[in-house]
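Notes follow once the structure below has been shown.
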Amino acid sequence: MSIINPSGKDIISVTTEFCGKPLTLEVNRVGFRTTASVLVTYGDTVVLGSAMVGSRPVQMDYFPLSIDYEEKMYAAGKISGSRFIKREGRPSDEAILIGRLIDRPIRPLFPKGYRQEVQVVSSVLSMDPSFRPDMVAMIAASSALMLTGTPFDGPVAGVRVGRVNGEFQAFMNSEDRDASDLDLVVAGIESGITMVEAGANEVAEDVLIDAMKWAFEAIQPAIKLQKELEQKIAPAVQDYTLILPNEEIQTAVDAWVEGKIGEKLRKPYPERNEMVNELRWAFHEAMAEKLGDEYDAVHDEYDEAFTMAIHKDVRAGIVKDGLRPDGRKLDEIRVLSSEVGFLPRAHGSSLFTRGVTQGMNIVTLAPLSYAQMVDTMEVNDGERSYMHHYNAPGYTVGEVRRLSGPGRREIGHGYLAERALMPVLPSPEEFPYAIRSVTEIMSQNGSTSMAATCSSTLALMDAGVPLKAPVSGIAMGLMMDGDTAYVLSDIADAEDFAGDMDFKVTGTAKGITAVQMDMKLHGLPVDVLAEAIKKSTPGRMHILEHMLTTLAAPREALSPYAPRIEKIKINPEKIGAVIGKGGEVINKITAETGAMIDIKDDGLITVASNDTASIERALEWIRGLTEEPEVGKVYTGTVVTIKDFGAFVNIMPGTDGMVHISQLSDARVERVEDVLEEGQTVKVLLTGIDERGRLSLTMKGVEQK
């Protein structure tokens with residue numbers, strides 16, 4: 001049946017099978033004023049992808065594209081857990097990270113010089129709780145862009161892949177995600193992969209490569225479906241003008257720099273950067289003198305052409321001479337140095353330097369009550385007991401920049417370093433602390449996220465956190481010359497800007513813990529990516545060996561300034577006994593001992609204090625309230641009731657057992673009162689517990705003092 005809506009257009013939809021479920025793309029039901037809107041349905045998940053395109057180029061020296069992911073609490077049938085704010089406000093870190101995840105495979109697919117303003121929003125309207133909605137949101141964003149008529153070289157599709165019992169799966173439920181040793185996102189177009197991001201539990205390189213191949217095949221139905229929708233809609237092609245350097249200007253610039261670059265600029269950083277800046281100033285002076293007053297109007301075009309000439313020189317040096325801008329060979333790592341424990345009051349600290357890139361990391365330990373509550377649209381919110389935060393002010397790149405809160409880049413870099421360490425962290429049961437790791441970037445010259453990973457590892461070990469294994473990370477680059485791939489280890493800024501892909505790999509000596517790959521080309525085959533991953537291992541191991549010369553293992557003792565925390569596991573049914581009515585008991589324990597007490601629903605109790613004696617007093621108190629009777633153990637108890645057949649003795653709070661008259665003594669006892677009286681303290685042995693939970697006690701063979 002044809003449904004007419006206010007726009008006067010028929011609703012059009014297309015459907016295909018995608019990873020075991022129907023995937024449907026629908027247009028003309030909602031979003032009548034947008035450039036393009038697509039409603040994407042997968043299971044019970046519904047995502048609206050909306051795209052708006054400006055009508056004319058804007059006066060900017062970059063492509064003004066913004067891609068956002070919107071969490072709607074109602075999509076999961078939830079109201080925000082915040083006590084004061086109930087409507088959606090600033091995006092959560094999780095929403096920002098998903099927005100970046102969608103942005104990264106899409107942005108390179110627009111042509112250089114495109115300057116129309118483009119805004120894409122993926123809004124989750126309904127969420128199937130059995131899987132995460134982020135990859136459906138990526139398809140929604142791409143589908144909307146395909147219908148705008150812009151020069152978008154899509155479509156793009158992505159899939160999140162895990163591995164359970166050796167089998168790859170997509171759109172896993174929360175139980176399978178917890179059991180998986182891999183969390184891999186692969187996005188791509190029909191001809192190749194455009195983005196990879198992964199967290200892994202020390203998996204082998206071959207496992208990751210096989211998963212990428214599996215994912216690339218899995219996304220093809222979603223790509224074909226978007227093309228089918230585009231053919232049905234037949235959107236009008238947008239008129240646009242690419243703002244590119246004038247070829248005559250580029251020719252003039254190339255002629256001017258000839259003989260002044262190449263081998264002459266192959267110097268270590270920052271000497272090379274200073275030489276390039278001096279050459280740029282000399283170039284502008286020469287052009288101003290040559291063109292006179294006309295030069296002000298074309299200054300920016302000449303400057304962009306100069307930058308392009310430098311980039312071409314970087315690529316030529318690598319392809320022809322096998323040498324990089326700072327004179328290194330393709331697999332050569334910059335000079336490394338590191339130290340730990342240099343901040344006296346911090347619980348753990350480190351300084352990691354690689355070339356001119358430097359990361360300082362500070363670790364703070366606190367009771368588990370300081371864990372971060374996560375309040376997002378997704379059902380299994382939980383809490384985070386490990387948090388990694390990353391800061392990189394303007395001075396780290398030699399710029400004057402207003403201080404502000406963390407942007408999308410800072411949040412993304414912090415998350416990558418956090419993800420790199422997650423597989424090797426101890427569980428709260430093993431190490432009952434909330435851990436905050438903060439990386440303060442001191443200087444940037446390429447791959448600060450990997451400096452954050454390495455400095456975080458060292459600071460955590462300096463703090464005495466019992467890591468299962470140390471983690472190192474390396475940033476790699478790739479340049480394609482025809483079908484030949486040139487892989488660069490430990491990239492710095494110049495080759496990053498001039499390259500075709502940058503990717504980061506972190507891991508232990510055993511295997512990979514995190515990967516992030518971003519392509520500037522329109523897709524790369526898996527074989528090229530596999531080669532890049534395998535070539536990262538020697539450099540990563542070299543960095544790890546250096547780190548271990550600074551600190552070989554976690555310190556055995558915590559900092560004297562870190563809180564002391566002990567743990568005890570009780571029967572969850574006895575949590576109420578520790579808390580008491582209205583918190584009366586726990587408040588009394590904390591007031592009289594001075595210790596801080598945290599109680600988890602599973603019965604894990606942590607007791608924190610700077611005073612060991614106060615921790616012991618609190619633990620003893622809790623044991624007395626929660627201890628389970630143990631057959632064969634001798635207890636000191638109090639006679640509470642005397643009967644003709646025996647006596648009831650209280651052996652722990654709320655727990656009484658009976659001593660039968662025959663068990664009062666080795667000699668015959670005529671009357672219980674001949675041996676015991678109420679209120680008397682006696683030692684008894686617990687001999688049994690029947691099916692109804694009744695305790696049998698004896699005084700025979702137990703010395704009474």
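Values for this structure:
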| item | result |
| --- | --- |
| Separation of alpha-carbon centers, the stretch 324-388 and the stretch 457-518, rounded to whole Å | 14 |
| Under the Karplus curve 6.51 cos²θ - 1.76 cosθ + 1.60, θ = phi - 60°, whole-Hz ³J(HN,Hα) for the stretch 36-50, x wherever Gly or Pro sits | 7, 9, 10, 9, 10, 10, 9, x, 8, 8, 10, 10, 9, x, 10 |
| Long-range HN-HN contacts of LYS72 with modeled amide H, under 5 Å | VAL124 |
| Under 19 Å from LYS267, Cα to Cα: aspartates and glutamates that are on another chain or at least 8 residues apart | GLU258, GLU278, ASP313, ASP321, ASP326, ASP331, GLU332, ASP490, ASP493, GLU495, ASP496 |
| Distance violations [Cα-Cα > 20 Å] among LYS213/LYS329; LYS264/LYS312; LYS468/LYS510; LYS112/LYS290; LYS329/LYS520 | LYS213/LYS329; LYS112/LYS290; LYS329/LYS520 |
| Placed amide H near ASP181: partners under 5 Å, 5+ positions off or other chain | ARG163 |
| Sequence ranges 639-651, 139-151, ranked by mean other-Cβ count within 10 angstrom, highest first | 139-151, 639-651 |
| Neighbour count of at most 13 Cβ within 10 Å plus DSSP loop: longest GluC sites (Glu not before Pro)-free window in the chain | 1-257 |
| J(HN,Hα) series, the stretch 544-561, from Karplus relation 6.51 cos²θ - 1.76 cosθ + 1.60, nearest Hz, glycine and proline x | 4, 4, 4, 4, 6, 6, 7, 8, 7, 7, x, 5, 6, 10, 6, 4, x, 9 |
| Gyration tensor (Cα) of the stretch 12-233, equivalent ellipsoid semi-axes in angstrom | 27, 22, 18 |
| Globularity index of the stretch 1-129, i.e. its alpha-carbon radius of gyration over 2.2 N^0.38 Å | 1.21 |
| Mean ellipticity per residue at 222 nm, deg cm²/dmol - from DSSP H runs of n ≥ 4 across the chain, formula -39500 (n - 2.57) | -9500 deg cm²/dmol |
| Gap separating the Cα centres of the stretch 409-430 and the stretch 205-235, nearest whole Å | 30 |
| Loop chymotrypsin sites (Phe, Trp or Tyr not before Pro), the stretch 51-154, which have at most 12 other Cβ atoms in a 10 Å radius of their Cβ (DSSP) | TYR62, PHE84 |
| Partners for LYS78 among lysines (Cα-Cα distance below 20 Å; same-chain residues under 8 apart left out) | LYS86 |
| Between the stretch 150-194 and the stretch 618-672, the alpha-carbon center distance in angstrom | 61 |
| 28 Å Cα-Cα reach of LYS588 towards lysines, excluding residues that sit fewer than 8 places from it in its own chain | LYS567, LYS569, LYS574, LYS600 |
| Summed residue charge, Cβ within 10 Å of SER665's Cβ, Lys/Arg positive, Asp/Glu negative | 0 |
| Base-10 log of normalised Debye intensity for the stretch 564-626 (one unit scatterer per alpha-carbon) at q = 0.12 Å⁻¹ | -0.23 |
| ³J(HN,Hα), Karplus 6.51/-1.76/1.60, whole Hz, each residue of the stretch 452-464, x for Gly, Pro | 5, 5, 5, 5, 5, 4, 5, 5, 5, 5, 5, 7, x |
| Peptides ranked, highest mean first, by Cβ atoms within 10 Å: ranges 340-349, 98-107 | 98-107, 340-349 |
| Net +/- balance of residues flanking ALA140 in space, Cβ distance below 13 Å, scoring K and R +1, D and E -1 | -4 |
| Residues VAL237, VAL124, sorted so that the one with the fewest Cβ neighbours within 10 Å comes first | VAL237, VAL124 |
| The stretch 336-550, Cα convex hull volume normalised per residue, Å³ | 149 |
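Read the figures in this text as sums done on the coordinates, not as results from a lab. These numbers come from a predicted model, not from an experiment. Methodologically, a virtual Cβ is constructed for each residue, glycine included, from the backbone with ideal geometry; neighbour enumeration extends over all protein chains shown.
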